[in-house]
Amino acid sequence: MSLPLASSFLQDESFLDVLYIIAFALFIQGLRGLSGPTTAVRGNRIAAVGMAIAVIATLLNPSEGNWGLIVIGVVIGTAVGIPAARNVKMTAMPQMVALFNGVGGGAVFLIAWAEFRRHGSTYGAHTVHVSTGPFSSLTITGGAAPTYIAIFSVFAAIVGSVSFWGSNIAFGKLQEILPGRPITFGRAQQWVNLLLLVLALAAGIDLVAGAHSELVFVGMLICAALLGNAVVLPIGGADMPVVISMLNAFTGLSAAATGIALNNTALIVAGMIVGASGTILTNLMAVAMNRSIPSIIAGGFGGGGVTEGASGAGEHAGTVRSTTASDAAIQLAYANRVVIVPGYGMAVAQAQHAVRELTKELEKRQVEVSYAIHPVAGRMPGHMNVLLAEADVPYDQLKEMEEANPEFQRTDVSLVIGANDVTNPAAKNTPSSPIYGMPILEVSDSHSVIVIKRSMNPGFAGIENELYYDPKTEMLFGDAKSAVSEITAELANI
Amino acid sequence: MIIASVLTTNLAILVLAGFIGFVVISKVPNTLHTPLMSGTNAIHGIVVLGGLLVIGLSGNDAFNKIILVIAIAFGTINVVGGFLVTDRMLEMFKSKPKSGGDDEGKSS
């Protein structure tokens, strides 16, 4: 193959392809690094280097142009992205991830839209536009039409739009701009969703079949946007981890589809890896919550079965014992082994630093303290770990559920801070309970339990927690942060 | 012929990438799932390449240029913000000298 004299090897297609291969190899290596706490920082940076290489390779492309516009876009993106990432609080991480995911989905559907407008009458069936390499495309007359470009591009547009709007709603709910409780259209919900999906698909098929109408394309984007809103609005705030993870997978898949439409291997590989990982994560989370993904999508928690279970558990005859901060402090001070079970309530109250102070105080008294972390404690898997790590809790004090459960039997005091459903023994003992079968932290095995909680209101599963009626459980009502600080203050007096 | 081979090659890459993603990621412990979600989130910011590629091609009118600049800005936010935020989270998992002094022997 002879190259024009002007082009250096830097712009050779094969060289640029090699850069892409290096880039996605670095992505895979980076993700491997993320599998352990000691290699994770490096893993993330390796992936970032891969991204830089992929961007440089794209900019070296001989057909690249419009430099002014590229600079404008990159500068705006950097100016928004860096401060947002720098200043976000660790407790606000889930909504930040939702927002970053949303803009990714937004980029996908905008690119698909621009591609549609650029192709004009060559879009869809009967098109003669052929991509021959990552950077060049040529137009041949006659021959088979690569309809697939339109198919993947339309797929990217629909999924990207759903992801963009869905993520923004998720952000709004987590940031409490929108009400966290489910907003539904009632029984019509699933029909509305189905109708929107069918309309978006119909418009997409029409476009692939060769309808060169921008009206149809915009209509498709609007249907997908409404679908994104309609799917996420009915989902309660506590179910958001699953949704964000699912939308993350969606954006990945739509990026991979964009890669096929643009014939770009880096996009295909990176997008697909994210699609696969997001799917696994979504599944893991749904399993840990004893829920199926379809039932989450079909409408907020609290469908038929749950209400039934709630009324059954409501008949609980047991009594609840409440305690005071000073009693709790004495109990903790004379324990040998204390396990702290943090939950959503700790995150909401931003009590992680207070909890760390309490732990330090207990450790001074030779009390052995560890933390038991349920896989879905907080708002995202691992969310508790990030919060506790922020408060300087050593990584090896954090025990995962499998590791923590056998230890409860030799634990003197379990201190449950703002966790509810993940400690409910009904998941093991009551087959009629809606959460029956969900893996839980077996807190009730320990010698005594102190629960810090604002009120007796049920958790997001909407059911009573049998643990609170257990004779060895004492409730300390109050805001997690102030309750923990009070205990710490009382400890100093002992 | 050429068309078929471009598509099928890309589909093969797609399928293999899916399996690699599955294998690599199913090994990540629960505790690192939030940073992982954030990290993969940053990686799909690679769509910024799509914006960079398309804006360089011919046939973009003024409206296209506007939406592509927005797409590039969005993609950049996704990439830059995503990697930075993941880095911040992961930095917190590193053992700190003041608190982790007596645990060092175990981890290293």
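Quick test for you: out of A:N229, A:N263, pick the one residue that is under 24 Å from A:M380 (Cβ atoms), polar (S, T, N, Q) and at pLDDT 90 or above. Give the steps one after another, and end with the answer.
On the way: A:N263 fails: under 24 Å from A:M380 (Cβ atoms).
The conditions single out A:N229.
Determine if segment A:7-20 includes at least one residue that is more than 7 Å from chain B (Cβ to nearest Cβ), aromatic (F, W, Y) and crowded, with 18+ Cβ neighbours inside 10 Å. Lay out the reasoning, then the answer.
Looking only at segment A:7-20, we keep the residues that are more than 7 Å from chain B (Cβ to nearest Cβ), and these are A:7-20.
Still in the running and aromatic (F, W, Y): A:9, A:15, A:20.
From what is left, the residues that are crowded, with 18+ Cβ neighbours inside 10 Å are A:20.
Checked segment A:7-20: at least one residue is more than 7 Å from chain B (Cβ to nearest Cβ), aromatic (F, W, Y) and crowded, with 18+ Cβ neighbours inside 10 Å.
For segment A:81-125, how many residues are within 7 Å of chain B (Cβ to nearest Cβ) and not in a helix (DSSP H, G or I)?
1
Would you please list the contacts, defined by Cβ atoms under 6 Å and residues six or more apart or on different chains, that run from a residue in segment A:393-408 that is more than 12 Å from chain B (Cβ to nearest Cβ) to a residue that is assigned to a helix (DSSP H, G or I)?
Final answer for the pair search is A:F408/A:D445.
For A:V75, state whether it is modelled with pLDDT of 95 or more and under 20 Å from the mean Cα position of the chain (by Cα).
Details: modelled with pLDDT of 95 or more: yes; under 20 Å from the mean Cα position of the chain (by Cα): no.
No, not satisfied.
Using the structure shown, decide if A:I70 is of a type in the set (A, V, I, L, M), over 21 Å from A:L267 (Cα atoms) and either touching a Gly at 6+ places or on another chain (Cβ under 9 Å) or in contact (Cβ under 8 Å) with a residue 24 or more places away in the chain (or both). Before the answer, list the steps.
Values: of a type in the set (A, V, I, L, M): yes; over 21 Å from A:L267 (Cα atoms): no; either touching a Gly at 6+ places or on another chain (Cβ under 9 Å) or in contact (Cβ under 8 Å) with a residue 24 or more places away in the chain (or both): yes.
Taking the combined requirement at face value, the residue does not satisfy it.
Of everything in segment A:423-442 that's in contact with a Pro (Cβ under 8 Å, 6 or more places away or on another chain) and under 30 Å from A:S326 (Cα atoms), which residue is surrounded by the fewest Cβ atoms within 10 Å (Cβ to Cβ)? So that I can check it myself, show each step before the final result.
Going through segment A:423-442, the residues in contact with a Pro (Cβ under 8 Å, 6 or more places away or on another chain) turn out to be A:427, A:439-440, A:442.
Still in the list and also under 30 Å from A:S326 (Cα atoms): A:440, A:442.
Values: A:I440: 22, A:E442: 20.
So the residue we want is A:E442.
How many of the residues making up segment A:325-377 are touching a residue at least 40 places away in the same chain (Cβ under 8 Å) and at positive phi?
Final tally of qualifying residues: 1.
Let me spell it out: the conditions are (1) within 30 Å of A:L281 (Cβ to Cβ); (2) assigned to a loop (DSSP other than H, G, I, E, B); (3) of a type in the set (A, V, I, L, M), and A:M456 meets all of them except one. Which number is the exception?
Condition not satisfied by A:M456: (1).
Would you confirm whether any residue within segment A:428-436 is in contact with a Leu (Cβ under 9 Å, 6 or more places away or on another chain) and farther than 24 Å from B:P29 by Cβ?
In the first step, residues of segment A:428-436 are kept if they are in contact with a Leu (Cβ under 9 Å, 6 or more places away or on another chain); the result is none.
No, segment A:428-436 contains no residue that is in contact with a Leu (Cβ under 9 Å, 6 or more places away or on another chain) and farther than 24 Å from B:P29 by Cβ.
How do the pairs read when you match residues in segment A:73-100 that are of a type in the set (A, V, I, L, M, F, W, C) with residues anywhere that are not in a helix (DSSP H, G or I), using Cβ under 7 Å and keeping only pairs 6 or more apart or on different chains?
Note: pairs meeting the criteria are A:M96/A:V88.
Specify which of the listed residues (A:I22, A:I28) is closer than 18 Å to B:I25 by Cα and either of a type outside the set (S, T, N, Q) or modelled with pLDDT of 85 or more (or both). Reasoning before the result, please.
Numbers: A:I22 fails: closer than 18 Å to B:I25 by Cα.
Just one listed residue meets the conditions, A:I28.
The values are calculated or read from the model by the stated rules, or taken from the named source; none is laboratory data. In this text, all values refer to a predicted model and were calculated from it rather than measured experimentally. Heads up, the Cβs are rebuilt from the backbone with ideal geometry, glycines too, and the neighbour counts pull from every protein chain shown.
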